[in-house]
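Asks: Please find one structure pasted underneath; my questions will follow.
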Amino acid sequence: MSPEPGQGLPDTVAKFIADYEKQLSLPNDFVVRLLVEPDDWSFILKLHGVLEGAVSKKLLQLLGKPSLAKPFRRVPMRTLIGFAEKLEAISKRSVTFLEGLGELRNRLVHDVSNVGFVLDQWATDTASAAVKSKLLGADAERAFAIAPPFNPYRFALWGYALAVLAELQVATLVQAQGFLDFIDAEVKRWGPLQAEATREALLQLMSESEASDAE
């Protein structure tokens, strides 16, 4: 008999997950049932999708720009991650995790032969060492110790994803005004429905922020 993924979760964690599912318009128990997803390929893609939706939604909330929801769908995840980092909505560890997950997800979706992807095999492949380090970090063994009856690698990635969601949930805007002024100017210039213009605005913003940090 298959294990019940939500069994034994503390009430606070179960509520936290349920609230996120509602915010992202996901089916009930979608997040917890990722632990028993039939294949690892689907698990990675769905986990990435949940986090991409959560990051995008939080950025719109922090910027106070819900009208940009549609254009934001075209903004690459790597840009969303950098944007969230600049707004101090996520930690350096979460940035690294999201970057690693994005690299793995892209590898899987851009080659149909990867539909048979297996986490256990990936974890022992030396060619995957760099991405594995980004995803699992130095403290993965602790997650492995409490993973049974679930796949330990899947359980560790799922746990890190929850940590990212928790950071996003409590994030507040620390250095908003410069970002807001920039977005306001670009939206006024190009119009709120110009998805490509909004995307370019975000890319320019990230470029300028990185250049400023390097000075």
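The values are calculated or read from the model by the stated rules, or taken from the named source; none is laboratory data. Because the structure is predicted, anything quoted here is derived from the model rather than measured. No Cβ is skipped: glycine too gets one built from the backbone with ideal geometry, and neighbour counts run over all protein chains shown.
Asks: Can you report the number of residues in the stretch 88-138 which are among the aliphatic types (A, V, I, L, M) and within 18 Å of Ala156 (Cα to Cα)? Spell out how you get there, then give the answer.
Replies: Of the residues in the stretch 88-138, the ones among the aliphatic types (A, V, I, L, M) are 89-90, 95, 98, 101, 104, 108-109, 112, 115, 118-119, 123, 127, 129-131, 135-136, 138.
This time we only want the ones that are within 18 Å of Ala156 (Cα to Cα), so: 95, 98, 101, 104, 118-119, 123, 129-131, 135-136, 138.
Adding up the residues that qualify gives 13.
Asks: Just a yes or no: is a residue in the stretch 65-77 at pLDDT below 90, over 20 Å from Leu168 (Cβ atoms) and of a type in the set (Ser, Thr, Tyr)?
Replies: Scanning the stretch 65-77, I find at least one residue that is at pLDDT below 90, over 20 Å from Leu168 (Cβ atoms) and of a type in the set (Ser, Thr, Tyr), so the answer is yes.
Asks: Filter the stretch 4-28 down to residues that are touching a Leu at 6+ places or on another chain (Cβ under 8 Å) and modelled with pLDDT under 90 and give me whichever is surrounded by the fewest Cβ atoms within 10 Å (Cβ to Cβ).
Replies: Our first condition is that a residue be touching a Leu at 6+ places or on another chain (Cβ under 8 Å); within the stretch 4-28, this holds for 5, 13, 16-17, 20.
Now narrow it down to the ones that are modelled with pLDDT under 90: 5, 13, 16.
Details: Pro5: 19, Val13: 14, Phe16: 17.
So the residue we want is Val13.
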